1. Could you list, in sequence order, all residues of segment A:28-78 that are away from chain B (no Cβ under 14 Å), out of contact with any helix residue (DSSP H, G or I) (no Cβ under 8 Å at 6 or more places or on another chain), among the acidic types (Asp, Glu) and in contact (Cβ under 8 Å) with a residue 12 or more places away in the chain?
2. If B:SER200 satisfies every condition in (1) crowded, with 17+ Cβ neighbours inside 10 Å; (2) within 30 Å of B:ALA124 (Cβ to Cβ) but one, which is the exception?
3. Name the residues in segment B:227-250 that are of a type outside the set (A, V, I, L, M, F, W, C), open to solvent by 50 Å² or more (accessible area, probe 1.4 Å) and without any contact (Cβ under 8 Å) to a residue 40 or more places away in the chain, would you?
4. Collect the residues in segment B:175-195 that are crowded, with 20+ Cβ neighbours inside 10 Å and closer than 17 Å to B:GLY241 by Cβ, keeping them in residue-number order.
5. Six or more apart or on different chains, Cβ under 9 Å: which pairs go from a residue in segment A:3-19 that's in a helix (DSSP H, G or I) to one that's modelled with pLDDT under 90 and not hydroxyl-bearing (Ser, Thr, Tyr)? Could you list them?
6. Out of all the residues in segment B:207-226, which are assigned to a helix (DSSP H, G or I) and either surrounded by 17 or more Cβ atoms within 10 Å (Cβ to Cβ) or facing chain A (nearest Cβ under 7 Å) (or both)?
7. Looking only at segment A:190-206, decide whether some residue is closer than 18 Å to B:LEU212 by Cα and among the hydroxyl-bearing types (Ser, Thr, Tyr).
8. For segment B:3-34, which residues satisfy the criterion of being touching a Phe, Trp or Tyr at 6+ places or on another chain (Cβ under 7 Å) and either hydroxyl-bearing (Ser, Thr, Tyr) or without any contact (Cβ under 8 Å) to a residue 24 or more places away in the chain (or both)?
Amino acid sequence: MKLKKKTVMLISFSIGALLFASTALADIVSKSGYEQLKDGLKTTAEKCSEELDSFTIDISMEVKNNGETLMSSNDVSKIDRDNNTQESLSNQKSINGDNYNSYNYSDDKVRIRWNEDQDTYYVTELISESSPTNFVNPFDEQGAEDVERIMDAVVGSLKDHVMVKENPDGSKEISGSLSEMQIPALINAVSSFQLKQEFNGRQSALPHLTQDIFVKEVSGKSLINSDGLMESMLGTAILSGKDKQGQTHELSFEVLMKMSDINNTEVMKPDLTGKKVVNDVERPGYGPEINNPEKFQGLFKNDILIEKDGKYVKIGERFVEITNIDDSSIVGRYYEEYRTDYEQYAAISQEFKFDANFENDKRQANFEYSTEAGNTTNVNIYLDEYLGKVNFHINQDSGNVLYDSMFSRVFD
Amino acid sequence: MAVFQAALINEIEKLYKKKKVMVAIFISLAVIVVGQLIIVGMRTGFGLRGVGSVEFPILVLSVVVNTILPLLTALVAIDCFSSEFSNNMMRVTLTRPVSRFKIFTAKVTTIVIFILFNLFVLFAFSLLAGFLFNANSATVAGFFKIVLSYSVSLIPMIVLALGIVFLANIFKNGTSVFFVSILGFLILKAGAVLFSQYSSLFITSQLDWYNLWLASSFPFSRIGHQLLIMLGYGIMFFTAGYYLFDKKEY
């Protein structure tokens with residue numbers, strides 16, 4: 001009798017262990033819908049950035065209020081990685097009802113931009129051999145793995161709601177939908193609050209939601225073809241809320257992404273004959289380093305103002321004289337000059353020489369100088385190549401006098 | 001069967017006499033009141049709806065299955081076993097002409113009844129609060145979903161209780177069982193976040209499984225899997241717990 005009881009216990013424990021182990025194994029081996037969705041995204045991103053010769057991506061977005069379109073946008077990008085060309089056509093309908101179209105084309109030698117308002121093509125010839133990177137794989141970026149892990153944790157048990165339907169031709173349909181009951185209360189509250197800030201009544205075309213705001217439904221659907229490429233992805237979110245008059249608004253947000261003409265997309269250079277064209281040559285590409293810093297040698301100045309009797313009055317000038325500049329260092333003098341009527345301000349006037357070394361970017365230099373009172377002050381110099389100006393920032397309180405740290409070149 | 005019934009009634013009466021039930025009702029009520037206050041505050045303060053009358057019980061459930069329900073279950077499970085070991089009450093219980101298996105089963109059944117009762121209290125109170133204070137969004141389907149969620153939540157709670165019973169039979173001291181249970185609970189919860197791909201294997205992640213039953217497209221395979229995993233856990237814990245209980249000398 002004693003032995004029999006033990007046998008029964010052993011058998012029963014084994015059954016339990018077996019049940020657990022086999023299910024657990026099946027669970028680990030089989031990929032969940034969420035994992036398959038992630039794989040689809042990764043494969044698509046990888047193939048787009050490395051493998052495919054050409055493809056077309058179509059992204060549309062629409063926001064509706066009770067079924068009426070508030071705003072929408074549609075972007076079609078044709079990318080030919082083989083020839084390094086791409087063109088994109090976009091159409092946007094804003095909240096105010098404005099319709100905006102734009103067109104862009106680029107290849108190795110030229111960039112063409114069409115402006116709708118002027119119906120003009122701006123053709124920019126590229127002088128530097130720039131390679132327009134068509135598509136960067138976001139999963140290769142630094143920190144992508146950490147983001148993925150955080151996402152996994154946030155998604156948590158919601159990932160069980162991702163469904164997979166496998167079609168006989170090897171393609172997969174992945175879908176998921178969450179109703180208000182399943183959206184975790186905290187996520188619902190935070191996103192509702194965020195959206196309430198959006199629909200705060202400042203823009204008259206948008207409904208002003210004040211109460212009973214909640215996320216009603218979130219759903220998504222994606223089609224992955226037999227090659228593992230994500231051919232389409234549709235995301236929908238429905239938000240409900242009431243305005244001050246107690247009227248219910250149901251706002252729906254839809255995003256649809258489609259990928260088509262894989263390895264079959266032709267990017268056409270637009271035919272500009274008979275069109276209004278403005279030709280342009282690209283400005284020399286300003287790299288991370290300045291090629292010829294010598295161009296900054298010379299005198300730079302800006303004005304010192306005060307506010308007097310409700311008007312701005314110029315009381316003097318500040319000067320930065322760069323006497324010597326090369327790749328590694330910048331040497332010069334800073335001084336201030338005051339007009340004769342405002343000599344009393346000259347008491348705070350400063351004058352010093354500097355000899356500073358550039359930081360690694362060869363645009364910036366920092367140094368310290370000691371005032372007569374014995375205090376040390378930090379100064380930051382930044383050479384602004386785009387504006388042709390020098391930013392000379394002295395870390396001090398300007399008091400009543402007004403000036404900025406941008407210095408313009410003095411030309412005789 | 002009559003013997004088992006007698007043992008069961010005996011256990012239930014012991015539990016009832018210990019006022020643990022009153023504590024459970026009181027805590028459940030407090031959770032619902034606090035939750036409702038937060039929702040009302042959110043609604044008047046921020047204009048967010050928070051929840052409708054149907055969603056409130058689900059919100060309460062989502063909070064309690066991870067907090068007070070396991071806690072109260074642990075308390076009762078430990079009470080049924082450990083405190084009897086230390087009070088030497090077990091000797092008295094065991095001197096009755098009832099087999100140890102029946103006593104063990106009666107104790108487990110008592111815990112299950114307690115969980116059921118606690119779920120029912122939460123269900124009734126939260127439904128009432130939901131209807132009194134929240135925007136009316138009630139539908140028959142919604143009501144059915146609440147009943148379903150609360151009912152299916154019983155299963156992972158039973159498995160959890162069996163796990164605690166197993167622990168209670170390893171350690172004699174009630175306090176250490178309680179701490180080990182809580183520690184284990186937290187470790188499993190953290191593990192489910194860190195190793196999210198294996199989270200379905202942890203007993204603590206099954207606590208949320210009522211969510212699956214609410215999905216718009218019914219996930220048969222997932223529910224089946226989780227049920228099998230819980231069944232596996234349940235059988236193992238029950239057998240191991242009974243084995244220890246049977247071998248113990250008092």
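The values are calculated or read from the model by the stated rules, or taken from the named source; none is laboratory data. Keep in mind it's a predicted model, so treat the numbers as computed, not measured. Because the Cβ atoms are built from the backbone with ideal geometry, glycine has one as well, and the counts that use them run over all protein chains shown. Ligands, DNA and RNA are excluded from the accessible area calculation, which covers all protein heavy atoms including side chains. Shrake-Rupley method; radii C 1.70, N 1.55, O 1.52, S 1.80 Å.
1. A:GLU50, A:ASP53, A:ASP58, A:GLU62, A:ASP75
2. Answer for B:SER200: the failing condition is (2).
3. Once the filter is applied, which keeps residues that are of a type outside the set (A, V, I, L, M, F, W, C), open to solvent by 50 Å² or more (accessible area, probe 1.4 Å) and without any contact (Cβ under 8 Å) to a residue 40 or more places away in the chain, segment B:227-250 yields B:TYR243, B:LYS247, B:GLU249.
4. If we filter segment B:175-195 for residues that are crowded, with 20+ Cβ neighbours inside 10 Å, which is where we start, we get B:177-178, B:181, B:185, B:192.
Within segment B:175-195, B:VAL177, B:PHE178, B:SER181 meet the criteria.
5. From residues that are in a helix (DSSP H, G or I), the pairs are A:LYS5/B:PHE101; A:LYS5/B:ASP246; A:MET9/B:ASP246.
6. Result: B:LEU207, B:ASP208, B:TYR210, B:ASN211, B:LEU212, B:LEU214, B:ARG222, B:HIS225, B:GLN226.
7. Looking only at segment A:190-206, we keep the residues that are closer than 18 Å to B:LEU212 by Cα, and these are none.
So far as segment A:190-206 goes, no, none of its residues is closer than 18 Å to B:LEU212 by Cα and among the hydroxyl-bearing types (Ser, Thr, Tyr).
8. B:SER28
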